[in-house]
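Student: Before I ask anything, let me first share the structure, which is written out below as structure tokens.
The numbers here are math on the coordinates, done by the rules we state, and not lab data. Because the structure is a prediction, the values reported are computed rather than measured. Here the Cβ positions follow ideal geometry from the backbone for every residue, glycine too, while neighbour counts run over all protein chains shown.
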Amino acid sequence: MGYGRRLYALFGEVLERGIRRGEFKTGQSTEAVTHHFVMAIRGLTYEWCIRYPDFDFKNEAQAHFWLLLDGIVCKAYAWQVIGCVL
């Protein structure tokens with residue numbers, strides 16, 4: 001599975017758009033952050049496979065991605081949008 005797959009391209013496009021809009025930090029490369037988000041999807045999928053039916057994929061994915069997003073969201077943008085710092 002190569003990094004040229006459509007999943008990587010989709011995450012990269014979303015991240016680049018967020019950076020252009022000032023929503024995401026620019027401290028890490030888009031490629032590195034994309035790689036980590038895809039690894040998170042794969043890890044969640046693995047957990048779901050080995051822990052099914054005791055693993056709520058939707059809830060776990062939402063919780064995990066909020067944690068990841070907290071690391072890349074610009075705090076000033078978060079304040080404007082939701083009225084608080086994440």
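Student: If you put +1 on each Lys and Arg Cβ and -1 on each Asp and Glu Cβ, how big is the dipole of region 6-82 around its Cα centre, in Debye rounded to 20? Could you put the intermediate results ahead of the total?
Tutor: Details: 9 positive and 9 negative charges, 53 e Å.
Computed about the Cα centre, the dipole is about 260 debye.
Student: If you fit an axis through the alpha-carbon atoms of helix 30-51 and take the longest principal axis of the Cα set of the chain, what angle between them do you get, 0 to 90°, nearest 10?
Tutor: Its long axis makes an angle of about 30 degrees.
Student: Here's another thing I want to ask about it. So, by mean Cβ neighbours within 10 angstrom, what's the order for 61-70, 46-55, 30-39 with the highest one leading?
Tutor: On the way: 61-70: 12.9, 46-55: 10.8, 30-39: 16.3.
Highest-to-lowest ranking by the protection proxy: 30-39, 61-70, 46-55.
Student: Quick one: which residues, 5+ away or cross-chain, put their amide H under 5 Å from the amide H of V73? H built at 1.01 Å from N.
Tutor: Placed amide hydrogens put K25 under 5 Å from V73.
Student: Run the helix sum for the chain: -39,500 (n - 2.57) per DSSP H stretch of 4+ residues, divided by residue count, reported at 222 nm to the nearest 500 deg cm²/dmol.
Tutor: -23500 deg cm²/dmol
Student: Just to be sure I understand: if I project the alpha-carbon convex hull of region 6-82 onto a plane and average over all orientations, what area do I get in nm²?
Tutor: So the mean shadow area of the Cα hull is 5.5 nm².
Student: If you fit an axis through the alpha-carbon atoms of helix 57-72 and take the longest principal axis of the Cα set of the chain, what angle between them do you get, 0 to 90°, nearest 10?
Tutor: 30
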